[in-house]
Amino acid sequence: MDGLLIHSLSEFSDLILEALRLADARDIVEIGSEYGGMSPFLAAHCRARDGQLTTIDPAPKREFMEWLKVSPDIRHLAKTSLEAFADINGADAWVVDGDHNWYTVYNELGQIDAICRRAGKPLLVFVHDIGWPCGRRDFYYAPERIPAEHRHAHSFQAGAIPGRDALVEGRGFRGMGQFAFAEGFGGPRNGVMTAIDDFLAEALRDGREFGFAEIPAVFGLGVIFDLTAPWSAPLADLLLPYHQNKLIRALEANRLRNYLRVLDLQDEAAARYRPA
């Protein structure tokens with residue numbers, strides 16, 4: 001069923017690469033490689049500028065590891081992001097597509113910001129999965145890595161359905177043992193978009209304002225950027241037509257409804273043929 005649902009950050013590759021070009025980004029850090037869908041695009045960009053791509057993922061898929069074998073110039077850190085930051089001194093841009101929960105993303109953004117400030121570099125971060133289902137609901141690959149006080153009650157089997165706060169047992173978009181969703185929807189410290197909101201609000205209280213664009217497609221892409229950077233105006237011009245675009249949002253909602261209907265049909269068929 002995965003082949004029916006586009007979900008990779010690589011779907012945004014043209015837009016991200018143009019943003020990187022405008023920002024003259026040479027050194028890039030990618031958090032969350034998974035199958036390596038976006039990594040070759042970022043690597044080609046860095047190579048063309050004599051830059052460095054650093055990838056971070058404690059357990060990437062076999063396809064990425066095979067690509068890494070023929071890409072000796074890529075620096076890969078087989079750690080969680082929050083462990084790997086100690087090994088990074090700076091970067092021109094950051095691509096965040098790892099563990100989609102408040103605790104991880106909020107701390108990733110805080111540490112990225114601190115690294116950029118120490119290095120004297122403007123902030124440019126691309127964050128995936130800011131829309132449904134992870135925008136306002138935590139998602140955990142490994143719940144045990146999240147401190148108990150920041151970890152919501154969760155389920156590996158119950159699924160999320162748009163418009164419903166509660167998870168539904170045996171239905172909807174669900175992990176089937178591969179990942180877990182928080183049982184509750186919304187509220188404090190829950191979800192990727194909430195982490196971004198909290199990061200931006202904290203920066204504003206400190207007298208620092210960042211630009212932010214939301215592209216409501218393929219589970220949502222957020223772009224956070226330093227308004228004082230010399231490239232901020234052309235970057236804003238690039239992103240503005242996509243920012244909270246109503247047509248794109250409607251197409252994404254329709255895409256998800258259709259996919260969830262396919263899952264329902266699959267579940268119904270499985271129930272019919274399940275032994276009594």
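List of remarks:
- Look at region 123-149: where a residue is β-branched (V, I, T) and a partner is buried (at least 24 other Cβ atoms within 10 Å of the Cβ) and in a loop (DSSP other than H, G, I, E, B), sitting 6+ places away or on another chain with Cβ atoms under 7 Å, you get I146/N101.
- Residues being assigned to a loop (DSSP other than H, G, I, E, B), at negative phi and either among the aliphatic types (A, V, I, L, M) or surrounded by fewer than 18 Cβ atoms within 10 Å (Cβ to Cβ) (or both) - total across region 152-169: 11
- Hey, E34 touching a residue at least 12 places away in the same chain (Cβ under 8 Å) and more than 30 Å from L204 (Cα to Cα) or not: yes
- Inspection of region 186-196 finds a residue satisfying the criterion of being hydroxyl-bearing (S, T, Y) and buried (at least 22 other Cβ atoms within 10 Å of the Cβ).
- Scope region 11-36; condition at pLDDT 95 or above and either under 20 Å from H76 (Cα atoms) or in a loop (DSSP other than H, G, I, E, B) (or both); matching residues: A23, D24, A25, R26, D27, I28, V29, E30, I31, G32
To keep it simple, each residue is scored yes or no on (1) modelled with pLDDT of 95 or more; (2) touching a helix residue (DSSP H, G or I) at 6+ places or on another chain (Cβ under 9 Å); (3) hydrophobic (A, V, I, L, M, F, W, C).
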{"position": "C116", "(1), (2), (3)": "yes, no, yes"}
{"position": "K121", "(1), (2), (3)": "yes, yes, no"}
{"position": "F126", "(1), (2), (3)": "yes, yes, yes"}
{"position": "A158", "(1), (2), (3)": "yes, no, yes"}
{"position": "A166", "(1), (2), (3)": "yes, no, yes"}
{"position": "G170", "(1), (2), (3)": "no, yes, no"}
{"position": "A180", "(1), (2), (3)": "yes, yes, yes"}
{"position": "G186", "(1), (2), (3)": "yes, yes, no"}
{"position": "R189", "(1), (2), (3)": "yes, yes, no"}
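- Pairing residues of region 246-274 that are farther than 21 Å from F12 by Cβ with residues that are surrounded by 13 or more Cβ atoms within 10 Å (Cβ to Cβ) and of a type in the set (A, V, I, L, M), at Cβ distances under 7 Å and at least 6 apart in sequence or on separate chains, gives L260/I161.
- Members of region 202-237 that are within 12 Å of V125 (Cβ to Cβ) and aromatic (F, W, Y): F210, F212, F225
The values are calculated or read from the model by the stated rules, or taken from the named source; none is laboratory data. Here the structure is a predicted model, which means the values were calculated and not measured. For neighbour counting, all protein chains shown are included, and Cβ atoms are generated from backbone atoms with ideal geometry for every residue, glycine included.
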